[in-house]
Structures are given as structure tokens and as C-alpha cells.
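Enquirer: Input: one structure, supplied below.
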Amino acid sequence: MISANDSPQVKVAKGAAIIFAGIIFARLVNYLYQIVLARAGGTAEFGLFFLGVSTITVVGGIATVGLDLGVARFAPLYLGSRDEDRLRGMLRYSILFSIVAGAGAGVVLWLSGRLIAAELLGMPNLVEIMHICALCLPFYVSGRVLVKTVVAFQKIGYRVALKQVLSPVVRFILTLLLVAAGMGAQGAMWAFLASEVISWAILLWLLNFRIYPLFRPAGRGSLFDNRAFFAYCLPLFLAGVIDLILHYIDIFMTGYFLEEVQVGIYGTAIRLAALVALGTELLNPMFLSIITQQHAEGKTAEVVSTFNNNNRWLCYITLPIAAVLVTLPAESMALIWGESYAVGAWALALLVLGRMFFYLANTSSFLLYMHGATRLILAVSLFSALLNVVLNWILIPRIGITGAALATAISLSCYAMLVIVSAHLYHRKSGLRVVFPRILASAALSAVVVLALKNTLGQGWIQFAWAGLIYLILYFLLLKFFRAFSEEDRAIGKQILSRIKGKAE
């Protein structure tokens, strides 16, 4: 388990080790239930399901009004200053507000579901999906705040057990049963709703009885200063809305310009491109909490060290995944989703590149969150979102889903560059590093070799597995050859291995 005496780098590494198995398990189960729908229901049904999940994400993100990010920053600050009364008051206020906001958003979506689905997007079959989304919103919105609260207390194991194990399993089993019963996209959405309700209820119970006595009688300071809290949250809320436009406008614009089948193909490309987020999911859950505490204690040099270590490990994980997907896009789409989805290969490659740059800039955005530079984040997000809207409007009618992917890749890359530059200018302490040339060279050269062997290996699951194995071996050997591993990497690696070995014995 993570100890308070651990160094920040070891905390991040232990957190990554704790959630690694959960992430892999969750990815596998999530892809399985989506593959079931994609193959059994076809591209049209998957398109409806994908629009439904995207609607929950967008509307739920708006209804959260930045409370999850506020909790992520203020909970560590109150913990660091041991101000339990204000901590309890802030958590109560945030959770209650998120439940009410989610319910309100659900009512609005229910009433406007037919207008959006049938009139705006021209998809009458989407109406029932929208109604299920409306029921899901209260649990999804408040669930986001609960997850950030658990992470703020650095209880990563609970987050893994619920969000990476229980929820995917519930979703998978129910999807299998409901799709087999002929419910298609609606069945998959009902399964999604059930998993959100169950994880929400357990999270609330764990928070109150295992992590922090949320409903203990309040102290005199429990009515915390919500003005400062919302002064931080509201600009991030606006930035979050703009960020949702940046990430999801291509999905809804493909729904507006194209048919369900093309939306389904584009949705599978987006789902597969999300694999490049693995490094972020492993390393970043506690990153903001750790650097915020360091910053509050005046440890500026340690913030830089944690930042650089996190980025180096992020490159170790993200670059090889991106290289494989860009090198073998058609094979990846066909093997996972089916031959009919291989036409989305170009869209997959472009989305992978754009998302890779975006995720490599995530630590820089957290650094800006730490400094409270919410207006700067808002400006960068606004520019990138407007660029994405304009490019999608121009490119989708001309080149379909490839145009949507190109527009999104350009916009995400622009966002990443602006955030990285801003973080370097805003954080006065020098020495921040985002890209590591030796790791980049190892990933790129390994991809060139696999690409050269592509025709020799042939097609199929076995050949694809061989290509991946060859890539990983070459990648590791080149990392060793270029001496990319630092002494700290080796030391932390030994600590993790010794812990795993000790537990096994």
C-alpha cells in the first residue's frame, strides 16, 4: 500500500503498480463488451450506442460544473493544513450539489431527447437511448466527484476495485444477456446505467465508512468558503465545457453529416485510439494531489522532479502503443472489430497521433491547475475547440470520418503545444522536460522494423501477436542501448519488483 513516508516518485510508481492490473482488466472487459455489440449488432447499432455514451460524457461533464476538479485541488490542500471542518463541509457541499445538478441535467435531456435525436441528428432510433442517458446522469455526475474524492485521499485501490473491476464486469455480463435477447444498443445502454448506479452506491458507502466520516456531526468551520471554491471551479467548468467540445464535437458532427454506419466505424476508431491513454490512466490519478501538496509546502524543486519523472514514465508507456497502432492501423481495426471496420484505418492513425500529443501534455496541464492558472487553461481550450469546430465543419462533408479524425488531431496537437509552452513559462523553476529523445528514438526505430516485416509476417491474430512481441523486444533493447533508463527508474523498479516478490512469497 501507499505510505505517507514514501517519496512522491515512489507514490506515483506504487499507484501505477496498484492500478496496472485493474487498468488491463478493465480495458479487456470493456473492449469485449463493445466487440460483442460491434459484431452482433453491426456498425449502425454501435453508432447509436457510441452516441449515447458520448452524450452522457458531454452532458455529464457540463453538469459537473468543475466540482470534481475543485475537489481534486481543495481536498489535498485542506488535508495538508489539517482543516477537517472545511474539508468535510466542502465534500458534503460538492456531493450534494453534483447530485442535484445531475438530476436537473437528466430532466432537461429527457425532455429534449426527441428533438436532439429525431430532428437534429435525424436518427429516430436514438430517442430511447437519450432517455436512458437521462436516467444515468445523476449517478454519473456525482460519481465523478466521488471518484476524485477517493483519489484525493490517495485510496487508489478502491478506485481500481470499482471503476476497473466491478463496473466493467457488470457492464459486460449485462450487455451479453441483453444483446443476446435482441435489445442491441438499448441493451448496452441499460447495462451502462446499471454499472454506474452500483459503483455510485458503493463509492458513497466506502467514502463515509472506510475513508472519511463524511456524515459525522459538523464542526463550526464546516461551512467552508464556497466563494473561493467556485472562483476556482467556474473557470475550469468553462474550460471543461470547451474541452468537451474539443474532444466530442467530431462525434456529433459525424452524426449530423453522416449515417449511423459511418458513425459506428468512427466510434470504433476512437475506442481503439483511446489505448494511448494507458500511461495517463496509470500515472496521473495521484499526480495533481502530490504536486499540489509539494507546492503548498514550498518544495518547488521536488515539483519539477516529480513532473519530469512522470513524463519520462509516460513516454515509456505511450510511445510504443502509439507506434504499433499507427504502423498497423488496418490490421488493428479488422482483428478487433471485424473486417468491415478496416475502412477506418486512416481515421485511427490520425486519432492516435493527435491523442498521443494531447496525453503527453497532460502533466503540463496539471501543473497549470496546481498554480490555479484557470483563465489561461480556459483561453487555450477555447482556441483549440473553435479550431476543431471549424475544421470539422470543413472536412467532414468532403472526406467523411477521415476528415473528422484529421480535424481532431490538428486541434489536439495545437492544444498540447500551447499547454506545454504555457507550463514552461508559468512555472518559474527551470528544468521541466516533456519529450525524451532517447525514448522517442527507441519507439520510432522499432516501428520502422515492424513496418518492414509487415508483409513477411502476414495477417491474422498470431501474426499480429508476433509483430507486437518483436516490437516490444526491440523497444526494450533499444532503450537499453540508448541508456534511456535513469538510476531512479532502476531503483523504483527494484522496489516494485521486491514488493511483488515479497507478496508472492
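The values are calculated or read from the model by the stated rules, or taken from the named source; none is laboratory data. All figures in this text were calculated on a predicted structure; none of them were measured in a lab. Here the Cβ is made from the backbone with ideal geometry for all residues, glycine too, and neighbour counts use every protein chain on show.
Enquirer: One residue is enough: does the stretch 348-361 have a residue meeting the conditions closer than 21 Å to Thr43 by Cα and surrounded by fewer than 21 Cβ atoms within 10 Å (Cβ to Cβ)?
Expert: Scanning the stretch 348-361 turns up no residue that is closer than 21 Å to Thr43 by Cα and surrounded by fewer than 21 Cβ atoms within 10 Å (Cβ to Cβ).
Enquirer: Given (1) assigned to a helix (DSSP H, G or I); (2) farther than 24 Å from Val59 by Cβ, identify the lone condition not met by Arg82.
Expert: Single failed check for Arg82: (1).
Enquirer: Can you find even one residue in the stretch 258-267 that is aromatic (Phe, Trp, Tyr) and under 15 Å from the mean Cα position of the chain (by Cα)?
Expert: no
Enquirer: Counting only residues that are among the charged types (D, E, K, R) and without any contact (Cβ under 8 Å) to a residue 40 or more places away in the chain, which one in the stretch 112-152 is nearest to Asp68 (Cα to Cα)?
Expert: Arg114
Enquirer: Given the structure, is Leu115 farther than 22 Å from Tyr212 by Cβ, over 18 Å from the mean Cα position of the chain (by Cα) and of a type in the set (A, V, I, L, M, F, W, C)?
Expert: Criteria met by Leu115.
Enquirer: Only one of (1) modelled with pLDDT of 80 or more; (2) among the small types (Gly, Ala, Ser); (3) surrounded by fewer than 18 Cβ atoms within 10 Å (Cβ to Cβ) is not met by Gly255, so which one is it?
Expert: All conditions are met except number (3).
Enquirer: In addition: Confirm whether Arg398 is under 28 Å from Thr363 (Cβ atoms) and either assigned by TED's automatic domain parsing to the domain that holds Leu335 or surrounded by fewer than 16 Cβ atoms within 10 Å (Cβ to Cβ) (or both).
Expert: no
Enquirer: Mind checking which residues of the stretch 364-416 are among the hydroxyl-bearing types (Ser, Thr, Tyr) and within 30 Å of Ser289 (Cα to Cα)?
Expert: Answer for the stretch 364-416, where residues must be among the hydroxyl-bearing types (Ser, Thr, Tyr) and within 30 Å of Ser289 (Cα to Cα): Ser364, Ser365, Tyr369, Thr374, Ser381, Ser384, Thr408, Ser411, Ser413, Tyr415.
Enquirer: Moving on. Can you work out which of the residues in the stretch 193-235 that are at pLDDT below 75 and charged (D, E, K, R) is nearest to the chain's Cα centre (by Cα)?
Expert: Result: Asp225.
Enquirer: Is the stretch 435-442 home to any residue that is within 30 Å of Leu378 (Cα to Cα), surrounded by fewer than 19 Cβ atoms within 10 Å (Cβ to Cβ) and among the charged types (D, E, K, R)?
Expert: No, the stretch 435-442 has no match at all.
Residues checked against (1) in a helix (DSSP H, G or I); (2) out of contact with any Cys (no Cβ under 7 Å at 6 or more places or on another chain); (3) crowded, with 20+ Cβ neighbours inside 10 Å:
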{"site": "Ala72", "(1), (2), (3)": "yes, yes, yes"}
{"site": "Arg88", "(1), (2), (3)": "yes, yes, yes"}
{"site": "Gly102", "(1), (2), (3)": "yes, yes, yes"}
{"site": "Trp110", "(1), (2), (3)": "yes, yes, no"}
{"site": "Ile129", "(1), (2), (3)": "yes, yes, yes"}
{"site": "Val151", "(1), (2), (3)": "yes, yes, yes"}
{"site": "Gly157", "(1), (2), (3)": "yes, yes, no"}
{"site": "Lys163", "(1), (2), (3)": "yes, yes, yes"}
{"site": "Gly182", "(1), (2), (3)": "no, yes, no"}
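Enquirer: Just one of (1) of a type in the set (D, E, K, R); (2) under 20 Å from Ile211 (Cα atoms); (3) at pLDDT 90 or above trips up Glu128, so point out which.
Expert: Here Glu128 clears every test but (2).
Enquirer: Next question, about the same structure. Condition test on Leu376, is it more than 29 Å from Phe46 (Cα to Cα), buried (at least 23 other Cβ atoms within 10 Å of the Cβ), of a type outside the set (Lys, Arg) and in contact (Cβ under 8 Å) with a residue 24 or more places away in the chain?
Expert: no
Enquirer: Do you know which residues across the stretch 401-419 are within 13 Å of Phe357 (Cβ to Cβ) and crowded, with 21+ Cβ neighbours inside 10 Å?
Expert: Thr408, Ala409, Ser411, Leu412, Tyr415, Ala416, Val419
Enquirer: Within the group Ser94, Ser98, which residue is under 30 Å from Ile173 (Cβ atoms), among the small types (Gly, Ala, Ser), in a helix (DSSP H, G or I) and modelled with pLDDT of 75 or more?
Expert: On inspection, the qualifying residue turns out to be Ser98.
Enquirer: Right, something else. Got at least one residue in the stretch 408-418 being over 30 Å from Leu77 (Cα atoms) and aromatic (Phe, Trp, Tyr)?
Expert: Checking the stretch 408-418: not a single residue is over 30 Å from Leu77 (Cα atoms) and aromatic (Phe, Trp, Tyr).
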